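Trainee: Just dropping this structure here.
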Amino acid sequence: MKYLFFLIFSLSGFQALSQTTIVRQDESIKKMVDEVSDKNIEASVRKLVTFETRNSMSDTLSATTGIGAARNWIRSEMARYSKESDGRLKAEFDVFTQPADGRRVMVPTVMKNVLGILPGTDPLDDRVFIVSGHYDSRASDVNDAKIFAPGANDDASGTAAVMELARVMSKYKFNCTIIFVAMVAEEQGLFGAANLAKRAKESKWNVAGMITNDIIGNTYGIETGLKDNNSVRIFSEGVSVVETPAEAAARTSTGSENDGRARQFARYMKEVGERYVDQLDVKLIYRRDRYLRGGDHTPFSQQGFAGVRVTEMNENFDRQHQTVRKENGVDYGDLPDFVDYAYTQKVARMNLATLANLALSPREPENVGIITSQLTNKTVLKWEKPKGEAPAGYYVVMRETSSPVWERKFFVTGTTATLNYSKDNYVFGVQSVDADGHESLVVMPKPAR
Ligand SMILES: [Zn+2]
């Protein structure tokens, strides 16, 4: 048994390389990835724990404890990074009043997300990428706003990772806007995310992708005993909840249930994350979230944006949503000593690689079509050049219908491509790419004549 366990553990760290994959890294992204510090992440998690509780209904007046002190500290940190970015990073509160719901919000409460907004440099590129963690915490009783609720892994880990991304990335310039968010009231019912998603929709932000990092620091799976610091899960829905009947009909007849925008975004994160972070296997989970559970990406999905969730591979439920205590010799509670900071660093780096590559890329090609005017065993695609930075070319991406990831990328410089592979048997997409290899998200073609 002992040997068997050892064998499985050894294999899990080894990825078979079955075919040649070209790894082309951009020096500036590699540099940013390397700058993400586990020491900074750990310091932020430990600082967040010192506020004793970050319950969204806790005290807002004290300078040292409660959610008010916590959000002021996060904002002051963002403002500190802003100085190092020549003032380009804007540190702001996103303020709203959450009405009482008789469940988890007993009185109308002023709540605040903390935003670090890094505007893009290309006025013709209106894409916005949002990356979040939630800074609120809870103990066993979600309505106990006084008891110690460290929330080190859930979700100071995600918050600290996002703060570290803001610190590193704000020193660099990108084509489009990136917003770093510490979300409030996830535990009360995703209220911070719901408010920001609504604001994004009403303000017509072109949110091209939203990532929530929630519970990204534990590497030990309770009950199973699995230890895993080499894998991370990305949850994505395949079909948008806001699709119209016409879109549903088109999806059904083209078999595109595995190609919704959130699924495309997750696929992109796996490809680019693994390009820059060694010894990290990004697992695509074909589900909106864990079974019957939710997170801050969901309100964004409900507004029609591509929202995904990033979470550790194995969870430890003795350390989530638990009042800190010892019971029958078992330690309960979400304490900072249980977070594996080197692992959180890898997950943060995967986020950074994805966001940097996207925000440095040209915009997606427009009006991407797959020609259906006559029956043929070839595939003909056409598209238009995007606004903003001119792409150096495009990748036509291709995969087997049963493959989770793109398997081939054909580089073309024009805006049309003919391939000797049938659209009946493969899935195709098109992405823009610049001279340094930064790819846009993949656009799925629509039937065209
Ligand atoms: Zn959480």
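The values are calculated or read from the model by the stated rules, or taken from the named source; none is laboratory data. Every value quoted in this text rests on a predicted model; they were computed, and no experiment measured them. Cβ: placed from backbone, ideal geometry, glycine included. Neighbour counts: every protein chain shown. The area values use the complete protein model at the heavy-atom level, side chains included, leaving out ligands, DNA and RNA. Shrake-Rupley method; radii C 1.70, N 1.55, O 1.52, S 1.80 Å.
Trainee: Specify the angular offset, from 0 to 90 degrees and rounded to the nearest 10, of the alpha carbon long axis of helix 191-202 from the longest principal axis of the alpha carbons in the chain.
Mentor: 40
Trainee: Putting +1 on Lys and Arg Cβ atoms and -1 on Asp and Glu Cβ atoms, find which of GLY189, VAL168, TYR135 reaches farthest to the positive end of the dipole of the stretch 89-196.
Mentor: The residue sitting farthest along the positive end of the dipole is VAL168.
Trainee: So what are the ³J(HN,Hα) numbers for the stretch 317-324, from phi and the Karplus equation (6.51, -1.76, 1.60; θ = phi - 60°), rounded to whole Hz, Gly and Pro as x?
Mentor: Once rounded to whole Hz, the list reads 6, 6, 10, 10, 6, 10, 5, 5.
Trainee: Could you tell me which residue out of MET313, LEU335, THR376 lies farthest along the dipole of the stretch 295-404 toward its positive end? Charges go on the beta carbon: Lys and Arg +1, Asp and Glu -1, centred on the Cα centre.
Mentor: Among MET313, LEU335, THR376, the one farthest towards the positive end of the dipole of the stretch 295-404 is THR376.
Trainee: Using a simple charge model, +1 on the beta-carbon of Lys and Arg, -1 on the beta-carbon of Asp and Glu, nothing else, what dipole does the stretch 91-197 show about its Cα centre, in debye to the nearest 20?
Mentor: Working: 9 positive and 14 negative charges, 37 e Å.
Roughly 180 debye for the stretch 91-197.
Trainee: Please give the per residue accessible area of the chain, computed with a probe of 1.4 Å over protein heavy atoms only, in Å².
Mentor: Values: 19850 Å² over 449 residues.
With all protein chains present, the chain gives 44 Å² per residue.
Trainee: I'd like to know which of PHE428, THR354, GLY393 lies farthest towards the positive end of the charge dipole of the stretch 350-439, counting +1 on Cβ of Lys and Arg and -1 on Cβ of Asp and Glu.
Mentor: Value computed over the given set: PHE428.
Trainee: Now a separate question. Could you state the angle between the C-alpha long axis of helix 157-169 and the longest principal axis of the C-alpha atoms of the chain, as a value from 0 to 90 degrees rounded to the nearest 10?
Mentor: For 157-169 against the chain, the angle is about 60 degrees.
Trainee: Which FRET efficiency value, to the nearest 0.05, is calculated for ARG88 and GLU202 with the Förster distance at 22 angstrom and r the Cβ-Cβ distance? Present the calculation step by step, with values, prior to reporting the outcome.
Mentor: Working: r = 25 Å, r/R0 = 1.14.
The calculated FRET efficiency here is 0.30.
Trainee: Measure nothing but the geometry: give the 0 to 90° angle between the long axis through the Cα atoms of 341-360 and the longest principal axis through the Cα atoms of the chain, rounded to 10°.
Mentor: The angle comes out near 40 degrees.
Trainee: Which cross-chain or sequence-distant (5 or more) residues have an amide H under 5 Å from the amide H of ASP281, H modelled 1.01 Å from N in plane?
Mentor: Distant-sequence amide H within range of ASP281: SER231, VAL232.
Trainee: Ok, one more. In the chain, carbon and sulfur make up what percent of the accessible area (probe 1.4 Å)? Could the numbers behind the result be given before it?
Mentor: Numbers: 10550 of 19850 Å².
Carbon and sulfur together cover 53 percent of it.
Trainee: I need the phi-derived Karplus couplings for the stretch 116-130: 6.51 cos²θ - 1.76 cosθ + 1.60, θ = phi - 60°, integer Hz, Gly and Pro marked x.
Mentor: x, 9, 10, x, x, 9, 9, x, 8, 10, 9, 5, 10, 10, 10
Trainee: In debye to the nearest 20, how big a dipole does the stretch 230-303 give about its Cα centre with +1 on each Lys and Arg Cβ and -1 on each Asp and Glu Cβ? Working shown, then result.
Mentor: Working: 12 positive and 11 negative charges, 36 e Å.
Around 180 debye, computed over the stretch 230-303.
Trainee: Further question: Looking at the chain as a GNM with Cα springs under 10 Å, which of ASN195, ASN218, ASN425 has the largest mean-square fluctuation?
Mentor: Most flexible of the set in this elastic network: ASN425.
Trainee: Spelling out what I want: for every residue of the stretch 80-90, take phi, set θ = phi - 60°, compute 6.51 cos²θ - 1.76 cosθ + 1.60 (Karplus), and round to whole Hz; glycine and proline get x.
Mentor: With coefficients 6.51, -1.76 and 1.60, one gets 5, 5, 4, 4, 6, 9, 6, x, 6, 6, 9 Hz.
Trainee: For a quick check, take a GNM of the chain with Cα springs below 10 Å and name the residue from VAL380, VAL412, VAL330 with the largest mean-square fluctuation.
Mentor: Comparing VAL380, VAL412, VAL330 in the GNM, the peak value goes to VAL330.
Trainee: Once amide H atoms are built 1.01 Å from N in the peptide plane, which residues 5 or more positions from ARG408, or in another chain, come under 5 Å H to H?
Mentor: Amide H neighbours of ARG408, under 5 Å, 5+ apart: MET398.
Trainee: With an 8 Å cut-off on Cα pairs and a minimum separation of 6 or more residues, tell me the relative contact order of the chain in percent. Don't skip to the end; give the middle numbers.
Mentor: Working: 1025 pairs, mean separation 71.8, N = 449.
After rounding, I find 16 percent.
Trainee: Let's see if you can work this out: charge +1 on each Lys and Arg Cβ, -1 on each Asp and Glu Cβ, no other charges. What is the dipole magnitude of the chain about its Cα centre, in debye to the nearest 20?
Mentor: Working: 57 positive and 58 negative charges, 161 e Å.
Rounded to the nearest 20 debye, it is 780 debye.
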